[in-house]
Amino acid sequence: MNTAYSFKIYSSTAQLPANWDDLAISTIFLSKKYLQVLEESSPKNMICHFIGIFENETLVGSALSQFLDLNKLESFGERDKCVKTAVRNIVFGNFASHVLVIGNNMLTGQNSYSLSNTIDKKKALQTLHAATTELKKIFKSKGINIHITTYKDFNKEEIKNFDIPEFKNEYQFSTQPNMVFSINENWKSESDYIDSLSKKYRDQYKRARKKAAVIEKRKLHLEEIIALEDTIYELYFHVAKNAPFNTFFLPKNHFRVFKEIFKDKFLFYGYFINEKLIGFNTLIKNGEVMDTYFLGYDESIQREKMLYLNMLYDMIAYSINKNFKKIVFARTALEIKSSVGAKPIQMFGLMTHSTPIANVFLPKIFKYLEPETIWQQRNPFK
């Protein structure tokens, strides 16, 4: 029997089917709770929609879309102050500022869709393609023309599912890798991890720990996150605006909302010197996987106390103690993450421009969107 799938597009979590979470098994980031976080505290240049895929009346797939208006950003990234930035701003303003992401632009990895085991994957992706076309019409009816549509963050096995006629004209790109740290099942504590390092990297560990001896690390509760919200935001914004390229900035209430909704599954660690907050990092428990999330720090102290490296070691120690299988360290700072033992996983996506002639230039535009990083992979283990 040839089953046709249908879709529904929702603009708020209140509209979602009651059994929505039955599908969010592979990732917490398609669960109703997480979508509520987006609803209450997504970046101000972002509009989210939630897509349900149905077989007759049964929900068999769920997906997330994020529309980004890059014209609403104060800065695309402070680091490359030069002609390149000026060119980039002109290019984006007129040509690529309205981006529709099928997936999650705030995370790394396959958080675009979740499908039931019984579903025909190719037909499901045809349905997702149809839903994307419908979303573009919805935006158009509001006077917004989508310039670029992108499906993002699939590993080399997952991207093969898109090998169907609907996607044949899309530009396939490869982004910076996702840095993933696998936890050896024989490690029971941080000292097991340290023992597995070669001398050079054990010395790095000792040096980093020694430098950070004056720093006090504390798990913060909701009340403290609220009380320190201004400082937290300054520390976050300092790190975010120095990234080579930004497509969004979190709103100030983001961490508070996350903690309110996720409670113990969302961990917020503050780093203090003499009771002054000088850095923080956040973690999300996602089944057997620990997902690292946003962080912030005071740059002068970060350098002097090797704070970022210490944060990575702390995340590893916690995840080993709590029996997680792996840590998703995501993109950025690839070399330092590889120096603690994370390995790169190549990620792919698809992209298309609404103006057919413009698709010829997509490889060039993409170089601006995702500046290439040259880095050296390290192996810290014996």
- request: With unit charges on the beta carbon (Lys/Arg positive, Asp/Glu negative), name the residue among Pro251, Gly296, Phe181 whose Cα is farthest towards the positive pole of the charge dipole of region 179-345.
  value: Phe181
- prompt: With every protein chain in place, what's the accessible area of Asp21 (1.4 Å probe, Å², nearest 10)?
  reply: 70
message: Under 23 Å between alpha carbons, and skipping anything fewer than 8 positions from Lys140 in its own chain: which lysines qualify?
response: Lys8, Lys44, Lys72, Lys152
statement: log10 I(q)/I(0) for region 179-345, Debye formula on C-alpha points only (no solvent), q = 0.12, 0.18 Å⁻¹, two decimals, reads -0.53, -1.26
statement: The simple spin-label model distance between Phe361 and Arg303, using points 7 Å out along Cα→Cβ, in nm, is 3.8
message: Bin width 10 Å, origin at 0, all Cα-Cα pairs of the chain: what percent of pairs per bin?
response: 5, 22, 32, 26, 13, 3, 0
- request: Choose one answer from Thr132, Thr13, Thr58: the residue with the largest mean-square fluctuation in a GNM of the chain with alpha-carbon springs under 10 Å.
  value: Thr58
message: Restricting to Cα pairs below 8 Å that are 6+ residues apart, what does the relative contact order work out to for the chain? Please round to a whole percent.
response: 22
message: Along the charge dipole of the chain, pointing to its positive end and built from +1/-1 on Cβ of Lys, Arg, Asp and Glu, which listed residue (Ala130, Ser191, Gly103) has its Cα farthest out?
response: Ser191
query: What percent antiparallel are the DSSP beta bridges of the chain, to the nearest 5?
result: 90
- prompt: Leu23: accessible area at probe 1.4 Å, nearest 10 Å²?
  reply: 20
message: Ignoring ligands, DNA and RNA, please state the percent of accessible area on region 179-345 from carbon and sulfur, probe 1.4 Å.
response: 52
- prompt: Gaussian network model of the chain, Cα springs within a sub-10 Å range: biggest mean-square fluctuation belongs to which of Met306, Met290, Met351?
  reply: Met306
message: Over region 136-195, with the other protein chains present, what is the accessible area per residue in square angstrom, probe 1.4 angstrom?
response: 54
message: Straight-line reach from Lys199: which aspartates and glutamates fall under 20 Å, measuring Cα to Cα and dropping same-chain residues less than 8 apart?
response: Glu190, Asp314, Glu335
query: Relative to the longest principal axis of the chain, what angle (0 to 90°, nearest 10) does the C-alpha long axis of helix 199-211 take?
result: 80
message: Once each part is reduced to its C-alpha centroid, what is the distance from region 252-289 to region 169-201 in angstrom?
response: 22
- prompt: Spin-label point model (7 Å from Cα, Cβ direction): what's the Phe245 to Lys199 distance in nm?
  reply: 4.3
message: Between helix 32-41 and the chain, what is the angle of the helix's C-alpha long axis to the longest principal axis, kept within 0 to 90° and rounded to the nearest 10?
response: 80
- request: Work out Dmax and Rg for region 329-373 from the C-alpha atoms and quote the Rg first, both in angstrom.
  value: 14.7, 45
- prompt: Exactly which GluC sites (Glu not before Pro) in region 251-322 are in a DSSP loop and have at most 14 other Cβ atoms within 10 Å?
  reply: Glu275, Glu288
message: Tell me the relative contact order for region 124-283 as a rounded percent, counting alpha carbon contacts under 8 Å between residues six or more apart.
response: 18
- prompt: Could you name the lysines in cross-link range of Lys259, using Cα to Cα under 16 Å and dropping any fewer than eight places away on the same chain?
  reply: Lys32, Lys33, Lys219, Lys285
field: Extension gain (nm, one decimal) between His221 and Ile144, 0.36 nm per residue minus Cα-Cα
entry: 23.7 nm
field: Helix 307-321 axis, angle to the chain major axis (alpha carbon atoms, nearest 10°)
entry: 80
Coil-residue trypsin sites (Lys or Arg not before Pro) of region 124-206, DSSP, other Cβ within 10 Å capped at 10: Lys142, Lys168
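The values are calculated or read from the model by the stated rules, or taken from the named source; none is laboratory data. Note that the structure is a prediction, hence the values are computed from the model and not measured. Backbone-built Cβ (ideal geometry, glycine too); neighbour counts: all protein chains shown. For the accessible areas, the whole protein counts, side chains as well, though only heavy atoms, and no ligand, DNA or RNA atoms are used. Shrake-Rupley method; radii C 1.70, N 1.55, O 1.52, S 1.80 Å.
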